[in-house]
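Down below is the structure, laid out as structure tokens.
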Amino acid sequence: MNRTPTSAALFPTPAPPDGPRRRHAHPGDRRGGGLVAGIVGVFGELLVTVGVLLGLFVVWQLWWTDVEGNRAQDQIVADMGWEEPEDDGPEIAVTTEHRDAPPVPDVPAAGETFAQMYVPRWGDDYLKPIAEGTEKTTVLDTIGIGHYEGTGMPGELGNFATAAHRTTYGKPFNKVHELKEQDAVVVRTEDTWYVYKVTESEIVLPENIEVISPVPGIKPGEPLPELTERYITLTTCHPMFSAAERYIVYGELDYWAPVSEGTPKELLEEG
């Protein structure tokens with residue numbers, strides 16, 4: 001609605017000589033400014049709340065899932081109840097290195113824990129359980145390391161292929177990039193040690209499933225040569241905090257030994 005300007009609007013009262021001029025706010029200005037300020041304030045509070053929630057989620061995802069994962073995996077290893085290798089007096093007995101055909105365990109049921117993995121490069125205390133299958137919620141998020149169904153078992157001709165998280169949930173393969181040629185990856189079943197040695201590593205796309213073939217690199221549909229080697233493959237996501245690619249480490253069986261004989265020297269050597 002148009003208003004006729006008053007004399008006060010046309011000729012504002014001069015401010016005192018040494019004081020600032022005062023502008024009288026229009027009632028509509030006050031209402032509009034208050035509304036905008038209120039909206040901005042609410043939006044700002046929402047942003048702060050979202051930021052706090054995101055921060056808590058990051059803490060949970062990157063830290064607390066590791067705490068819970070490590071605790072659960074340690075308990076799984078303890079619950080397996082496997083006897084420790086026998087010692088020989090004050091010193092632990094070192095196994096004899098057997099290079100004939102090793103015993104091969106039966107294929108376990110999906111989700112069943114059947115083996116353990118030691119990696120000396122990752123520390124004397126590194127010990128993780130291995131379960132059948134690579135389903136995320138029932139194996140990788142809880143038990144730790146999963147065995148690709150349909151691939152070879154430990155010690156079997158072909159490819160014993162495994163997967164695990166690189167971040168979160170105990171991150172069993174967090175330091176996969178540190179593995180070097182000839183590093184030991186030791187797999188234990190209840191009665192047998194399988195000592196693999198790293199041969200190489202590579203980074204591939206998720207669709208490159210030939211990495212878990214019986215002979216790594218043989219693509220689906222290509223003729224499979226006669227199996228003469230016993231491989232191990234470790235697969236995990238790459239780069240860190242991303243699933244865009246896969247980090248792959250390959251190894252071959254060096255020797256095997258009965259657990260009753262003692263412990264592989266690779267687990268007794270000081271880094």
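Where a number appears in this text, it was derived from the coordinates with a stated rule and is not lab data. What you see is a predicted model; the values in this text were computed from it and never measured. Counting neighbours? That spans all protein chains shown, and the Cβs are built from the backbone with ideal geometry, glycine included.
Gain on full extension, evaluated as 0.36 nm per residue between Glu210 and Asp124 minus their Cα-Cα distance, stands at 27.7 nm. The simple Förster model, with R0 at 35 Å and r as the Cβ-Cβ distance, assigns Lys175 and Leu227 a FRET efficiency of 0.70.
Peptides 222-233, 258-269, 187-198 ordered by packing proxy, namely the average of other Cβ atoms within 10 Å per residue, highest first: 187-198, 258-269, 222-233.
Under the shape rule built on the C-alpha gyration tensor, where the axes satisfy a ≥ b ≥ c, the range 64-267 is oblate, since a/c reaches at least 1.5 while a/b does not exceed b/c. Length gained on full extension, Ala93 to Glu135: 11.4 nm, using 0.36 nm per residue less the C-alpha separation.
A Förster radius of 22 Å combined with the Cβ-Cβ distance from Lys219 to Glu252 puts the calculated FRET efficiency at roughly 0.60.
Taking a 21 Å limit on the Cα-Cα distance, which of the listed pairs Lys136/Lys180; Lys136/Lys197; Lys171/Lys219; Lys128/Lys175 fall beyond it?
The pairs that break the limit, which is 21 Å between Cα atoms, are Lys136/Lys180; Lys136/Lys197; Lys171/Lys219.
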